[in-house]
1. Take residues that are under 30 Å from L426 (Cα atoms) and among the small types (G, A, S) and tell me which of the helices (runs of 4 or more DSSP H) falling wholly in the range 1-92 contain 3 or more.
2. Considering Y117, Y100, which residue is closer than 30 Å to V439 by Cα and among the aromatic types (F, W, Y)?
3. Considering K293, K237, which residue is without any contact (Cβ under 8 Å) to a residue 24 or more places away in the chain and within 16 Å of the ligand (Cβ to nearest atom)?
4. Look at the range 337-359 and say how many of its residues are surrounded by fewer than 15 Cβ atoms within 10 Å (Cβ to Cβ) and closer than 23 Å to D300 by Cα.
5. Look through K435, K373 and report the one residue that is of a type in the set (D, E, K, R) and either modelled with pLDDT of 95 or more or part of a helix (DSSP H, G or I) (or both).
6. Given the conditions (1) surrounded by fewer than 20 Cβ atoms within 10 Å (Cβ to Cβ); (2) free of Cβ contacts under 8 Å to residues at least 60 places away in the same chain; (3) assigned to a helix (DSSP H, G or I), report the number of the one that K161 does not fulfil.
7. Answer yes or no as to whether A400 is more than 16 Å from the ligand (Cβ to nearest atom), assigned to a helix (DSSP H, G or I) and surrounded by fewer than 19 Cβ atoms within 10 Å (Cβ to Cβ).
8. Among the residues of the range 141-179, which ones are away from the ligand (no atom under 12 Å from the Cβ) and among the hydroxyl-bearing types (S, T, Y)?
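The values are calculated or read from the model by the stated rules, or taken from the named source; none is laboratory data. Just so it is clear, the structure is predicted and the values come from calculations on it, not from any experiment. All Cβ positions, even for glycine, are placed from backbone atoms using ideal geometry, and neighbour counts span all protein chains on display.
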Amino acid sequence: CVKVKQLIVQRARKSFQTGKTKPLEFRVHQLKNLLRFITEKRRNIADAVKKDLGKSEHGTELFETLGLEGEINLAIENLMEWAAPRPVEKNLLTISDEVYIQPEPLGLVLIIGAWNYPWAVTLQPLVGAIAAGNAAIIKPSEVSSYSAKAMEELLPLYLDKDLYPVVTGGVLETQELLKQKFDHIFYTGSSAVGRLVMEAASHHLTPVTLELGGKSPCYIDKNCDITVACRRITWGKFVNCGQTCIAPDYILCEPSIQSTVVEEIRKCIKEFYTDNPKSFEDYGRIINQRHFKRIMALMDGSTVALGGDSDESQCYIEPTVLKDVTSESKVMREEIFGPLLPIITVSGVDEAIQFINEREKPLVVYVFSHEKKLIKRVIAETSSGALLANDCLVHFTVSALPFGGVGNSGMGCYHGRHTFDQLSHLRSCLIKQLKMEGVNSMRYPPHTAKKMSW
Ligand code: NAD
């Protein structure tokens, strides 16, 4: 098994070394095949995600394939421009030279995906890897096993088999892969495993992109439109049962609005998922029993304000809101990654900012307010991968925005041209002519007073 994986990696590298991926036409052809794969195998993708996460076909289209198709089309349309030499400003010494940045492929990229959006988080980096002219080993998460199997079976029917092989397997297989040499590793998953990936990468001095998680706070200003804020928060939190890296993890608000927030979220849950989310097709399931138990245990010691129902046999946890949560509670000690929404009361924006800054830098800071000044203050006084005001999740859809974390929530970024740049080497090029040697005399010794006074 180890030997097979080594052979797959060697074959991908060898294939890259033939120079096959250099022509842009080749890359566009592969990207079009990837697009065709998504169109033709839409049903297989939806079936796999349904089995993995209980998600509806519509949900898969919205949160997995639509964004992927957008990213592929963007890359096809803009590849010529992205891959072209980028002239830069010159200085006096190089005024008559050609000075530019030439993006070039890095070589062989390892993409390690997570299970929560098994297609999007695994194939979106691939779009950039292909566009930038790399070979890529694709390692989907073993936790979303149906999606991993479908990817392994179906993707090679569309993409170059040597350059873009899918390798399946769990922790041991991934660790085995990580021993080999890559030119970049693109990892999506938990911060704990991110550390292991980075450690393994350091042996070969391989650069890494780490798309990690964390606890994204959500501050609600008491003067904002709480009804609208809660609609957007309920959507952002409970979609995919809270198993979204950029889901608001917890709410910060003043005590005076806590009960209104709970009441508004109650109405939204009913509207979005009916009185019985368990049998409603747009509300999914927790990925497996291990995560089910982990999430249920996080509720210990907290007061349930809404929901709280569960069914272990189906990995079902009702959309749940916890109130009067303290910073020492179990639910505040790790990323929830499930449908629990704790509310922590603070005295106002000052304390909210302090609360955020006392913790690891999150993937997103959410703030809901009518006041632009307050929003700008939160931007200026906190740090996170992204900041989103008055909505949830939608920054993910803007390809022009670099998507990624900072500090504990990750390093590097992707989406659109950012993926292309992340998986390219931006090579500095300077072309001088062997003429006009006279102008260089000043830099050659001897540095006489006459030369220096010029
Ligand atoms: P996971 O368990 O599927 O692990 C992710 C990948 O790491 C898998 O491919 C798995 O095979 C591999 N892996 C697991 N343990 C390993 C080990 N010990 N050594 C080597 N490889 C190993 O997924 P997860 O970590 O449970 O994913 C959830 C986390 O991912 C959350 O923290 C979430 O916030 C984060 N996430 C981040 C993003 C993002 O874009 N920033 C997107 C999705 C998920």
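1. Working: elements: 2-17, 24-40, 42-53, 57-60, 66-83.
Once the helices (runs of 4 or more DSSP H) in the range 1-92 are filtered for at least 3 residues that are under 30 Å from L426 (Cα atoms) and among the small types (G, A, S), what remains is 66-83.
2. Numbers: Y117 fails: closer than 30 Å to V439 by Cα.
Unique residue meeting the criteria: Y100.
3. Working: K237 fails: without any contact (Cβ under 8 Å) to a residue 24 or more places away in the chain.
Among K293, K237, only K293 is without any contact (Cβ under 8 Å) to a residue 24 or more places away in the chain and within 16 Å of the ligand (Cβ to nearest atom).
4. Here is the first cut: in the range 337-359, the residues surrounded by fewer than 15 Cβ atoms within 10 Å (Cβ to Cβ) are 347-348, 350, 354, 357-359.
Still in the running and closer than 23 Å to D300 by Cα: 359.
Residues that pass the stated criteria total 1.
5. Values: K435 fails: either modelled with pLDDT of 95 or more or part of a helix (DSSP H, G or I) (or both).
The unique qualifying residue is K373.
6. (3)
7. Working: more than 16 Å from the ligand (Cβ to nearest atom): yes; assigned to a helix (DSSP H, G or I): no; surrounded by fewer than 19 Cβ atoms within 10 Å (Cβ to Cβ): yes.
In short, no.
8. Y146, Y158, Y164
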